[in-house]
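The values are calculated or read from the model by the stated rules, or taken from the named source; none is laboratory data. Because the structure is a prediction, the values reported are computed rather than measured. Using ideal geometry, Cβ is built from the backbone for each residue, glycine included, and neighbour counts are taken over all protein chains shown.
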Amino acid sequence: MRWLLGLVLMAFMATTPLLAVEPDEILKDRQLEERARALSSELRCLVCQNQSIDDSHAPLARDLRVLVRQKLVSGESDDAIRTFLVERYGDFILLKPRFAADTVILWIGPFALLVLGGLVLLWKSRQGSHIKVEALDHAEHVQLAELLNAKNRSDG
Amino acid sequence: MSVELGHFALILAFATALMQTILPMWGALTRDPALAGMARYSAFVTFGLVLLAYLALTMAYVGSDFSVANVVMNSHSTKPLMYKISGVWSNHEGSMLLWVLILVLFAALVALRGGGMPERLLASVLSVQGGIACAFLLFILLTSNPFLRVTDVPFEGQGLNPILEDPGLAIHPPMLYLGYVGFSVAFSFAVGALVHGRIDAVWARFVRPWTLLAWVFLTLGIAMGSYWAYYELGWGGWWFWDPVENASLMPWLMGTALLHSTIVMEKRDALKVWTILLSILTFSLSLLGTFLVRSGVITSVHSFASDPARGVFILGILTLFIGGGLALFAWRAPSLKQGGLFAPVSREGALVVNNLFLATSAVAVLVGTLYPLALETINGSKISVGAPYFNLTAIPLFVCLLILVPFGQSLAWKRGDLVGVSQRLLTAFGIAILSILVTFALTIGGPIVAPLGVGLGVWLIMGSATEVISRCYRRGLSWKVIFERAIGLPRSAWGSALAHAGIGLTVIGIAATAWGVESLAVVTKKEPLNVGPYTVSLEQAFKRKGEGFREEVAQFSVTEGTGARGLIETSKRVHTGREMPTTEAGIVTYGFGQLYASVNEILPDGRVSIRFYWKPLVTLIWGGAIFMALGGALSLSDRRVRIALSAKTKRAPLLNVEAKA
């Protein structure tokens, strides 16, 4: 696998980069083309640094875009194409990881944290509302009245 | 000679930073005012020395001293002066030096402005700053020395990475670093507070301006970087959820949470422990970002000059400061006294919810960024986590938060009245709904998310407007009085309204991307091509020479209906020194939208393979960010905040503080 990647990388560097989705690739059928664009924006260009094949200039990305379109024209479903590509290149090609046992934390984690955080806050605020503010006792009332009187006198 | 001088200055700076770390902390712990007083002076000296080193390197670049390896690899004698100066931070070694320069600059500023701070707090804050500086100075000296000479002095340098040869290079990295590194001050304050076991509203008042300052710079830095990527990478995207971008977004999200929680702490003396934790986490994410970008453990569209060997060192620094900070937190936080109580429905409560969402979205970005790395280490399977993941996790969190923002802005402190607030926001809500319906009606058949996004943006803007209006308008008041009341509002109130309205603008800009139009074609001369409301046609394709590069240009004329709207040029550029071609996008702004041209290839027969985009309202994305930063700056200029920064205020009596502690 490594040598293959190296080979492709060399081929990539030897040619002038071209821009993504070239005019001659576009399908006549607008609906199919839209599906092709949506699908390719979720597929990783394997030789690039974090680009989808829809965005990438690399020849390999072009080959993959053409492949996706050929398969779409021959009537295959999006899922079938994804499965085919994963069998060929591994999960690495999917920019949107599949929901599986080892991606549970990835998909659920942030939302679980939100819920957990919310529950803790709810619990805290319940706890907070139990804290009773103690009423002033007689001595404090007298003290307060004196203070207020003193203030009123100085104001007046 | 000056290069060696710079090298020595850097070594000396390590020594003084070490002094700055140990002596003031010792003084603070043993209550020795002489040792604690060392903090300020050693911070000044360390800054002076690092500045000297930095200037020495800059001089080597400006004078094209090709006996210095770093200059050979990243500069060229024909480069314009701007790229010689900014070339210093175009590479790993130089940008780390800039990082440290900004770090010690912040320490020196704290020392300069910290006259009103309790002496022990100032000493321990500067000591922690010194510790961070020590670690990174050692990192530079041992693994990334920019002052190394070459034995065979070449006649010419290799030139700058062509993607970096852009005005963006001059502005973006310093801005970003001012933001990243600025959060170190909050970290140092947090550690200082933990060491002394004392934290109160005064602490928050000292921390808030620094956090705000860092946040303003980080906001501008991220926006600038996004716009740079937009026009430079040449495929019209402005955010790629790329690891390097995420590295800057995470501290921004956490820092935004911190900004809000320090307000609660300053005003209501509540959320103390949480604010301390956020201070530590925000800078931890800044450090993590530095690690991710500098170590090369992740692949990215932006990464340049990275080296795994250095990763281990930064990982060590990371473990020391994040681990140390969190351990100290776990040990000391339980002894901190919790302050002010508040009802769940209140400004404080709303800000807690804000913090929850911001922190969770930061975690979502963090998990998505690091998951592939973690999974590969654990079970060896390679997966990718890209834009679709973040669109499904972080975006919904953002949307939920933004819907709640106007409520939070309007709620009263301590105990809020949700019904009253809802009534006050009714007009804003009505206008938002109306804007959804109108945009929907105008764009029937178009994407549905766009009008909804516009509605959310309008909701945020109107929410901010409601807050300002409700504070200065009362029925029966004359316009003159209302105007005076508006002028009399604290600047932080205006700042907050401006910043939140800025988010609204950004949201509208993002929503409008759904209406973007893309046209790809191979065109001959004068052949018209439709791009949204515009028609473009190829005028000419020609070769041209510029300063330090040559390029093939495709020039198009733009018409709208029958009216001519000027020319647009896009080119394939090759820079002297490195023969790597780059695509220079052509961008023309019409109203708030932009027409974006990017040439694929100019064919030998004169035809041009081209892609055009019409991006309505796209400038609002960055315009909104500028409003956010302006809002932050306005808050920073608020009298209350300024006083905390002022050196003129009297030094708090040392004795009093000790007695209460």
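Results for (1) under 30 Å from residue B:257 (Cβ atoms); (2) among the charged types (D, E, K, R), shown as yes or no for each residue.
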site: B:466; (1), (2): yes, no
site: B:472; (1), (2): yes, no
site: B:475; (1), (2): no, yes
site: B:490; (1), (2): yes, no
site: B:498; (1), (2): yes, no
site: B:504; (1), (2): yes, no
site: B:509; (1), (2): yes, no
site: B:515; (1), (2): no, no
site: B:526; (1), (2): no, yes
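Please verify whether segment B:548-555 includes one or more residues that are of a type in the set (A, V, I, L, M, F, W, C), surrounded by 15 or more Cβ atoms within 10 Å (Cβ to Cβ) and modelled with pLDDT under 90. Taking every residue of segment B:548-555 in turn, at least one turns out to be of a type in the set (A, V, I, L, M, F, W, C), surrounded by 15 or more Cβ atoms within 10 Å (Cβ to Cβ) and modelled with pLDDT under 90. Being more than 22 Å from the chain's Cα centre (by Cα) and either under 30 Å from residue B:373 (Cα atoms) or exposed (fewer than 13 other Cβ atoms within 10 Å of the Cβ) (or both) holds for only one residue in A:69, A:62, and it is A:62. Being assigned to a helix (DSSP H, G or I), free of Cβ contacts under 8 Å to residues at least 40 places away in the same chain and at the interface with chain B (Cβ under 7 Å from one of its Cβ atoms), is that true of even one residue in segment A:92-101? No - not one qualifying residue is present in segment A:92-101. Taken over segment B:110-125, the criterion of being more than 12 Å from residue B:188 (Cβ to Cβ) and modelled with pLDDT of 90 or more is satisfied by B:112 alone.
Residues considered: A:29, A:91. Of these, the only one that is more than 30 Å from residue B:573 (Cα to Cα) and touching a Pro at 6+ places or on another chain (Cβ under 9 Å) is A:91.
Within segment B:417-428, no residue that is more than 18 Å from residue B:343 (Cβ to Cβ) and touching a residue at least 24 places away in the same chain (Cβ under 8 Å) sits with its Cβ atom under 8 Å from a residue that is basic (Lys, Arg) and buried (at least 18 other Cβ atoms within 10 Å of the Cβ) at 6+ positions apart or across chains. Counting only residues that are at pLDDT 90 or above and either assigned to a loop (DSSP other than H, G, I, E, B) or farther than 16 Å from residue B:116 by Cα (or both), segment B:195-227 holds 17 of them. Among the residues of segment B:208-246, which ones are within 14 Å of chain A (Cβ to nearest Cβ) and among the aromatic types (Phe, Trp, Tyr)? Residues satisfying the conditions are B:230, B:235, B:238, B:239, B:240, B:241. The residues of segment B:153-165 that are part of a helix (DSSP H, G or I) and in contact with a helix residue (DSSP H, G or I) (Cβ under 7 Å, 6 or more places away or on another chain) amount to a single one, B:163.
Every residue, every condition in (1) at pLDDT below 85; (2) over 19 Å from residue B:228 (Cα atoms); (3) under 30 Å from the mean Cα position of the chain (by Cα), yes or no:
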| residue | (1), (2), (3) |
| --- | --- |
| B:558 | no, yes, no |
| B:599 | no, no, no |
| B:631 | no, yes, yes |
| B:644 | yes, yes, yes |
| B:651 | yes, yes, no |
| B:655 | yes, yes, no |
| B:660 | yes, yes, no |
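Taking the criterion of being surrounded by fewer than 20 Cβ atoms within 10 Å (Cβ to Cβ), more than 9 Å from chain A (Cβ to nearest Cβ) and not aliphatic (A, V, I, L, M), the residues of segment B:355-382 that qualify are B:376, B:377, B:380. Residue count for segment B:331-352 satisfying the condition of being away from every other protein chain (no Cβ under 12 Å), touching a helix residue (DSSP H, G or I) at 6+ places or on another chain (Cβ under 6 Å) and outside any loop (DSSP other than H, G, I, E, B): 2.
For segment B:504-515, indicate whether the set of residues that are touching an Asp or Glu at 6+ places or on another chain (Cβ under 9 Å) and away from chain A (no Cβ under 14 Å) is non-empty.
no
When the criteria are applied in full, residue A:81 fails the requirement of being surrounded by fewer than 15 Cβ atoms within 10 Å (Cβ to Cβ), in a helix (DSSP H, G or I) and at pLDDT 85 or above.
Here's the yes/no breakdown for (1) charged (D, E, K, R); (2) assigned by TED's automatic domain parsing to the domain that holds residue A:31:
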| site | (1), (2) |
| --- | --- |
| A:54 | yes, yes |
| A:74 | no, yes |
| A:79 | yes, yes |
| A:85 | no, yes |
| A:118 | no, no |
| A:125 | no, no |
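Checked against the criteria, residue B:536 counts as touching a Leu at 6+ places or on another chain (Cβ under 8 Å), at pLDDT 90 or above and outside any helix (DSSP H, G or I). Screening residue B:168 on (1) closer than 21 Å to residue B:267 by Cα; (2) in a helix (DSSP H, G or I) shows it passes everything except condition (1). Answer yes or no as to whether residue B:443 is among the polar types (S, T, N, Q) and at pLDDT 90 or above. The answer is no for residue B:443. Of all residues in segment A:86-95, one or more are under 30 Å from residue B:611 (Cβ atoms) and touching a helix residue (DSSP H, G or I) at 6+ places or on another chain (Cβ under 6 Å). Among (1) farther than 15 Å from residue B:353 by Cα; (2) more than 12 Å from every other protein chain (Cβ to nearest Cβ); (3) not basic (Lys, Arg), which single condition is residue B:385 missing? Status for residue B:385: all satisfied but (2).
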